[in-house]
1. What do you reckon, how do Met204, Met178 stack up by accessible area (1.4 Å probe), largest on top?
2. To the nearest 10 Å², what's Thr562's accessible area with a 1.4 Å probe?
3. Determine which lysines satisfy two conditions relative to Lys417: a Cα distance under 17 Å, and not lying fewer than 8 residues away in the same chain.
4. Mind jotting down the distance between the C-alpha centroids of segment 45-118 and segment 532-603, whole Å?
5. Once the principal axes of the Cα atoms of segment 540-633 are found, what is the range along each, listed largest first in whole angstroms?
6. Hey, got a sec? Which GluC sites (Glu not before Pro) in segment 91-153 land in a DSSP loop and have at most 16 other Cβ atoms within 10 Å?
7. Peptides 615-627, 309-321, 226-238: what's the order by average Cβ count within 10 Å, highest mean first?
8. What accessible area per residue, rounded to a whole number of Å², is obtained for segment 63-111 using a probe radius of 1.4 Å?
Amino acid sequence: MKLKQVLLKNFRNFLDSGEVEIQPEVTCLVGKNESGKTAFLQGLCRLHPARRNVKFSVPDHYPAWLEKRDRLDGKNLETFVPIRAVFEWERADVEAVETKFGPNVLLSEALVVEKNYKNELRIELKLDEAAAVGNLLAFIKFPAGYAFPPGTIKTFRELDAFASELAKDEQYGMVAEMISASVKLLLKDEEFNDAITILIEDRMPQFFYFHEYSKLPYSVKIRDLLETDAGKLNDEQLTARALLKLAAAEDDYLLNPDYERRKRELENVANALTEDVLQFWTQNPELRVSPDITQKTVGEFGGQQAVLDELKIRIWDQRHSLSLPFNEHSSGFQWFFSFLAAFSEYERRMPPVIILLDEPALGLHARAQSDFLKFIEQRLAASCQVIYTTHSPFMIQPGRLDRVRMVEDKGRHIGAKISNQILSTDRDTLFPLQGALGYDLLRHLFLAPNNLLVEGTSDYTYMRVVSDFLKSSRVSLDERWSLVPMGGAALIPTFVALMGHQLDVTVIADSRNGGHQRLNKLAADGILNDQKIITVGSITGSPAADIEDLFEPAEYLMLFNTAFGKTVTPADLPGTDPIVTKLSRHLGVDKFDRALPADVFLRERDVILPLLSYETLARFESLFAKANATLAK
C-alpha cells in the first residue's frame with residue numbers, strides 16, 4: 001500500500017499541519033531551519049517505525065506551552081491522537097484479503113491509521129462480515145436436501161454457534177466439524193475485525209528514518225553488537241548492525257577463527273559496497289571499501305581467554321595510493337556510505353519500507369547532491385516511497401515541483417504548516433526553490449543552445465504540462481528547447497540585451513495594447529530576430545491576451561475557482577479583454593495571484609488534462625508549432 005496523506009497535530013511545533021498530500025514516489029519537504037521539517041519526519045516515523053521502537057511521549061513531544069493549559073482544562077493528553085495517515089490500497093493488498101476471506105469483504109476505499117500518545121495504534125476499516133461468512137459457506141458442501149436458510153447468519157460468531165447446534169445431529173456432524181475448523185483456521189481465536197486488522201497491519205509499510213546521527217562508526221565491537229537487543233541500540237549502532245547483516249554475520253562468518261574464511265567474507269562485503277558507492281558517487285571513482293577485523297585477548301575468565309573482535313572500516317583511495325579510516329573522510333561521503341549500509345537491511349523487504357531522509361546529502365558538494373537525487377530517483381523510488389527534507393537548492397528538481405511541499409512555522413498560536421502551494425509562499429521559505437530554478441536557468445544557459453523564454457512560472461507550468469501531455473500524439477515543444485521562466489515580462493528585454501548575442505533565444509510574451517516596445521527595439525537593433533518574438537495574441541487573434549487565454553474560459557475558471565474557492569462563471573465576466581483582467585475587475589482588485597491556478601493545474605494534471613477541450617489543446621499546439629519553427633535548422 002502507498003502512503004497518500006498525513007495529518008500531524010500537537011506534536012512539537014505542529015498544532016495542525018494541514019492535510020499533507022504524499023506523492024506516490026518522491027515527496028520533498030522544503031523550509032527554513034527550525035521550520036518543522038525534522039519534526040514532521042519524526043512524528044511520521046513513530047506511526048510504524050522500522051528501526052528501534054521510538055514512541056510518542058507527552059513530556060517530550062506535546063507542545064510545552066499547551067500542555068499545562070490542556071491538563072488544567074481536564075484533557076487526557078495520553079489519548080490525544082498526534083498522527084493520522086491515509087494509505088491507498090494496492091492490488092496485492094486487496095488480493096491478500098480476498099485470498100483469505102473471499103471477495104466483497106473490504107469496503108474501505110483506503111486505510112486510515114492513527115496513533116495516540118499512549119502509542120496505541122488504531123486502524124479504521126469498513127468490512128462486510130456477512131460477505132465473508134457467505135464466502136465460507138459457499139465452499140461447504142451440505143448433504144442433499146438440506147435447506148440452509150440464506151442470509152440468516154451474518155457473523156462468524158453466529159456461524160460458530162450454528163455449527164455447535166448442527167453437530168448435535170449425527171448426520172450433519174462432519175459438516176459442523178468442517179465449519180468449526182474453517183472458522184478457527186480463518187480467525188485463529190480472534191474476532192473477525194481483529195483478524196482482518198492483523199492481516200492488514202502486517203502489510204502496512206514501516207517507516208525507515210535516517211538522519212545525521214545514523215552514520216556508521218569507524219570501529220564496531222562485533223560480538224557486543226550482535227548479542228545486544230536491537231531495541232537497546234542507538235541509530236549509529238543499528239547502522240553498524242545492518243552492515244554486519246550484509247556480511248552474513250549472524251552465521252558467525254566474521255567471527256570465524258579461520259583467517260581465510262573471515263577475509264573472504266570481508267572481501268565479499270567490500271565488493272558489494274564498493275559497487276553500490278561508485279554507481280552513484282562520481283566525486284572520486286578511485287575509492288574502494290576496505291574493511292578489516294582485529295582480534296585481541298582482553299583477559300581470562302574461568303580459565304578461558306576472552307577475545308574481542310572489532311570490525312574497522314577503511315577506505316582505499318587509488319588516486320593517492322593510501323587508505324584512511326572511514327571517519328576521516330568527508331562528512332558527505334560518510335553519510336552516503338552509511339545510508340547504503342543501513343538501507344541494505346530494508347531494500348528487499350516486503351512490504352517495502354517508506355524512507356524518511358532528514359536533510360540528506362547536506363555535506364555533499366552541489367554536483368554530489370545532484371548525484372544523490374539520481375540515486376533517490378533510480379534506486380530508492382524504484383521500490384519505496386521516499387520523503388526527504390532539504391533547504392538546499394541543489395536537492396530540488398525544477399522539473400518536478402509537484403513533489404515539493406513547503407514547511408513554514410507561522411508562530412506559536414498557529415504552529416508549523418505544510419502546503420503544496422509552491423508558487424506562492426513566504427519569501428525565505430521560497431528561497432531554495434528560487435535557487436533551484438536559478439541554478440537550472442544558469443545550467444541551461446551554458447549548456448543549452450536553444451532557449452525559449454517565458455514570462456513567469458505560470459507560463460512555464462502551463463506550457464510544460466500541456467506539451468508533455470501532447471507529446472505522444474500531437475504537436476508539442478521540440479525537445480531541443482530549454483524552457484526558461486524569467487520572473488516577469490520586464491526582465492525579458494534586459495536578459496535578451498545581455499545574452500542575445502551569445503544564445504539562440506525565442507521569446508513567448510503576453511500581448512498587451514501598445515505592444516512590447518523594448519522587445520521590438522531589440523529586434524530593430526539586430527539583437528533579436530523579430531520572427532523570434534511570439535505573442536499569445538498571435539495565437540488567439542486578440543490584440544491583448546495572456547497565457548491563460550489559451551484555455552477555454554470555463555476551463556480556466558475551473559482552475560481559478562478551485563484555487564480560490566470561488567464559483568465564477570463565464571457569464572460573470574463581460575468584455576473582450578484578457579480573462580485575468582476580467583477576473584480582477586470582477587473581484588474588485590488590481591490583480592490576483594496567477595500562480596495559484598497554475599499550481600492547481602500542476603498538482604491535478606492527471607485529472608484536468610483529459611478534460612481539456614479540442615479548442616484549448618489546438619491553441620497550445622499552434623503556440624508550440626510557432627515556437628518550433630524558430631529553431632535553427
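1. Sorted by accessible area, descending: Met178, Met204.
2. 90
3. Result set, ordered by chain and number: Lys9, Lys32, Lys37.
4. Their Cα centres are 42 Å away from one another.
5. Principal axes ranked by extent give 48, 32, 22 Å for the Cα atoms.
6. Glu109, Glu120
7. So the order, starting with the most tightly packed, is 615-627, 309-321, 226-238.
8. Here the residues of segment 63-111 average 57 Å² of exposed surface.
The values are calculated or read from the model by the stated rules, or taken from the named source; none is laboratory data. Quantities reported herein were computed from a predicted structural model and do not represent experimental measurements. No Cβ is skipped: glycine too gets one built from the backbone with ideal geometry, and neighbour counts run over all protein chains shown. Accessible surface is based on the protein model in full, side chains and every heavy atom, while ligands, DNA and RNA are left aside. Shrake-Rupley method; radii C 1.70, N 1.55, O 1.52, S 1.80 Å.
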